[in-house]
Structures are given as structure tokens and as C-alpha cells.
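The values are calculated or read from the model by the stated rules, or taken from the named source; none is laboratory data. Everything quoted here is computed from the prediction, not taken from an experiment. Cβ placement follows ideal geometry from the backbone for every residue including glycine, while neighbour counts extend to all protein chains displayed.
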Amino acid sequence: MKLHPVDMKNLRPEIFNLFQTQTPLLTAGTPGHCNPMTIGWGQLGTLWNKPVCTVYVRPERFTYQFMEENPFYSISVLPEEFKKALAFCGSKSGRDTDKIQACGLTAAFSAHGAPFFEEANLVLICRKLYVQDLDASCVCGHDAVDPFYGKMGNWHRAYTGEVVEIYAKE
Ligand SMILES: Cc1cc2nc3c(=O)[nH]c(=O)nc-3n(C[C@H](O)[C@H](O)[C@H](O)COP(=O)(O)O)c2cc1C
């Protein structure tokens, strides 16, 4: 079955559980130079009257540089049989290994030129709108937040992007 574009309004509410339960691949870059990593944190919603997707990337990730350098990023939700690939892309760095080749994934490029994977059941293509580092001085719920950060910080950078294309297999 091939991926085909779908309208945002036809998506089911289950999509809002996508990050924690399906841990998609976040990918940014160009045809010759892109890198995926597994993510578990993110939100979908509405901001500035646009459908948006926010993801959180620590600066030490190899993917971070791709997120910084490119105007688009993608979220690829892979089916159950790619569990091993998701574990691999969430534990190995693209600095040391070509994760796309190692996992046997097939990179494709959206109408906006953003990389994603043919094996996905659902793909969101996002245009960066707003980028901001999470900030220790803004934390209210220390019990929930502090365990993720040591004394030195390495706080995630939040990327909020407008969802500009969606592909799904139905
Ligand atoms: C289930 C899961 C969820 C993850 N979620 C995130 C996340 O939301 N943000 C993040 O910065 N790293 C997250 N990671 C860690 C990165 O995927 C991991 O460090 C990866 O090796 C980075 O690859 P890279 O160096 O090629 O970018 C997650 C890892 C796993 C296994």
C-alpha cells in the first residue's frame, strides 16, 4: 500500500497518543544528508491559527544540527514490525552509523523536500515556526521536570512547526 496525502480533518483522535505510544522517527535534512532519531515527546495542536507539531531535541543529538539547518522536519510513525529499528534509532547516533541503511529504511522526500520514510503508516511534514530552549527558570512542576536534567542542564530545544503535509496509509 502506498502513502497518499490526507486531510487533517480526517485524522482520528488516536493521533494525539502518537508520541508516547508509537515513538515515531523525527527526521530532518536533505536528500544527500539527513538523519532520523526516535522521539517520545511531542505535541499536536493549534497555535497562531495553524495546526502545529512541537518536538523536543537535546543539543547533543546529531539530529539537532539537522533541525537547526533545515526549514522542515518530519514525523514518521512506523508500524509495529519496526520496533527494533525504533530502538536502534533511539540508542545509536547518526554520527557513528548510517541508521537509515542499518535499519533498511527507504528515505523519500515530501513536496517541500523534507525527508521521511516509505515504511511509515503516517507522516507529518512540519515547517519550523518557532524555536526555543526549555528554561530552568520557567519550571513550576519541579517533581516532574527535574529528574530529566542534571545540574549542568542540557535542556531540550523545542521546535514548533506548522503541519504542512500529511501522508497516511489507510
Ligand atoms: C523511546 C525513545 C524516545 C526518545 N525521545 C527523545 C526525545 O523526545 N528527544 C530527544 O532529544 N531524544 C529522545 N530520545 C533519544 C534519541 O533518540 C537518541 O539519543 C538517539 O540516539 C539520537 O540520535 P542522533 O544522535 O542520531 O540524533 C528517545 C529515545 C527513545 C528510545
Selected residue (criterion: farthest from HIS33 (Cα to Cα)) from residues of the range 86-111 that are in contact (Cβ under 8 Å) with a residue 12 or more places away in the chain and touching a Lys or Arg at 6+ places or on another chain (Cβ under 7 Å): PHE88
Conditions (1) touching a residue at least 12 places away in the same chain (Cβ under 8 Å); (2) within 15 Å of VAL77 (Cβ to Cβ): number failed by CYS34: (2)
Long-range neighbours under 8 Å by Cβ, at least six apart or interchain, first residue at negative phi within the range 131-144, second part of a loop (DSSP other than H, G, I, E, B): ASP133/TRP155; ASP133/HIS156; LEU134/TRP155; LEU134/HIS156; ASP135/TRP155; ALA136/TYR149; ALA136/TRP155
Qualifying position, being of a type outside the set (Val, Ile, Thr) and within 11 Å of the ligand (Cβ to nearest atom), among GLY32, GLY40, GLY45: GLY40
Within the range 140-164, considering residues that are outside any strand (DSSP E or B) and aliphatic (A, V, I, L, M), the one farthest from ARG61 (Cα to Cα): ALA144
Residues satisfying the stated conditions in the range 3-26, i.e. more than 10 Å from the ligand (Cβ to nearest atom) and either surrounded by 15 or more Cβ atoms within 10 Å (Cβ to Cβ) or at positive phi (or both): LEU3, VAL6, LEU11, ILE15, LEU18
Boolean, ASP96 is within 21 Å of GLN65 (Cα to Cα) and either modelled with pLDDT of 95 or more or more than 15 Å from the chain's Cα centre (by Cα) (or both): yes
Meets criteria (among the aromatic types (Phe, Trp, Tyr) and within 14 Å of the ligand (Cβ to nearest atom)) for TYR64: yes
Tally, over the range 81-94, of residues that are more than 6 Å from the ligand (Cβ to nearest atom) and over 13 Å from GLY40 (Cα atoms): 6
Filtered residues of the range 70-107 (kept if under 23 Å from GLY153 (Cβ atoms) and exposed (fewer than 13 other Cβ atoms within 10 Å of the Cβ)): SER91, ARG95
Filter result for TYR167 (hydroxyl-bearing (Ser, Thr, Tyr), at pLDDT 95 or above, closer than 25 Å to GLU60 by Cβ and in contact with a Leu (Cβ under 9 Å, 6 or more places away or on another chain)): no
Selection count where residues are among the charged types (D, E, K, R), farther than 20 Å from PHE109 by Cα and at pLDDT 95 or above, scope the range 144-164: 1
